[in-house]
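Data block below; observations after.
What follows draws every value from the coordinates through simple rules; no lab data is involved. This is a predicted model, so every value here is computed, not measured. Positions of Cβ are generated from backbone atoms using ideal geometry, with glycine treated the same way; all protein chains shown enter the neighbour counts.
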Amino acid sequence: MIINVFSDTHLITLFNKKKHDKILHIIETCDKVIINGDFWDAFRISFDKFLKSKWKRLFKPLKEKDCVYIFGNHDPESFSDERVAEFCNVATHSYEMEFNGHKYVFQHGHNISLCPDISLPFIDKTKVQHFIYHIFYLSQFILYKLTKTFYYLILGFKPEKQMRKWQKNNLDEKTVLITSHTHYGRLDIKNKFVNTGMNYLGTFQYIQLDTSKVFPDNISLKAI
């Protein structure tokens, strides 16, 4: 079985055909899909509007791939409801699989580390707040395009350090931790630490697992 794990799409009202097609490619090239958090963005869109948006074109393909949806810090459980079943078969905060002698733990990562935006209030109806968020995300885009390394140092370095520390203290040597949250794709085979990267700011990354193979030959970080 081929499992594709993607995260951090940060879908909002604005529809992007290229982004849709990239995500659809990830969905269609596997047997099972795991969304590792931040599928939609509660900072900039309500759950009702997300469900009615053009992104709903992805819902049926996701359901057909036995989709597991893991809540992130931008799409927390408290801001959605039972209608998550429109695009997933399982909704959870953490997910585990075990095959060929290794356990795989999937978490978005925000529950064990922090990013600057985790302290921001969620979306309301004020135009001022909407404007502030647009400026915040525009600055992210500019920073990422100017220097990806600096972007990682500001948003990803400390959270990744915290996640690795949590892994060392809570997981055994036969367990692979697959996280997201930092927007920085990582495949650290030696330490069994994996990050799915992001599908955002023009970058498209995901992790592919092949259950017919043994670790580390069964896992790869892909970019499209």
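By a straight-distance test (C-alpha under 17 Å), which lysines pair with K161 as possible cross-link partners, with residues fewer than eight away in the same chain excluded?
Excluding near neighbours in sequence, the set is K190, K192.
At 7 Å along the Cα-to-beta-carbon direction for both Y152 and E28, put a label point, then send me their distance in nm to one decimal.
Distance between label points: 3.1 nm.
Once you have the Cα-Cα distance between T175 and L187, take 0.36 nm times their residue separation minus that, and quote the gain in nm to one decimal.
Answer, rounded to one decimal: 2.9 nm.
From the square roots a ≥ b ≥ c of the eigenvalues of the alpha-carbon gyration tensor of segment 133-224, which class results: rounded (a/c under 1.5), prolate (a/b over b/c), or oblate?
Oblate, because a/c is 1.5 or more while a/b does not exceed b/c.
At 24 Å minimum axial length over the Cα atoms and a Kyte-Doolittle cut of -0.5, report the qualifying DSSP H helices in the chain, or say none.
Those that pass (Cα extent of 24 Å or more, hydropathy at least -0.5) are 127-146.
Order of 4-15, 132-143, 31-42 by packing, highest average Cβ count within 10 Å first?
Top of the packing list down: 31-42, 4-15, 132-143.
Give me the number: length gained by fully extending K168 to I142, i.e. 0.36 nm times residue separation minus the C-alpha to C-alpha distance, one decimal in nm.
Taking K168 through I142 to full extension adds about 5.9 nm, to one decimal.
In a shell of Cβ-Cβ distance under 11 Å around T203, excluding T203 itself, what net charge do Lys and Arg (+1) and Asp and Glu (-1) give?
+3
Give the relative contact order (percent, whole number) for the chain; include only Cα pairs under 8 Å separated by 6+ residues.
The normalised contact order for the chain reaches 24 percent.
Sort L51, L209, L24 so that the residue with the fewest other Cβ atoms within 10 Å of its own Cβ comes first and the one with the most comes last.
L24, L51, L209
Given the Cα atoms of segment 2-223, and with Rh set as the inverse mean 1/r over their pairs in the Kirkwood sense, what is Rg to Rh to two decimals?
On the Cα set of segment 2-223, Rg over Rh gives 0.94.
Can you tell me how much longer the chain between K213 and F15 gets when fully stretched, taken as 0.36 nm per residue apart minus their C-alpha distance, in nm with one decimal?
Length difference between fully extended and current span is 67.6 nm.
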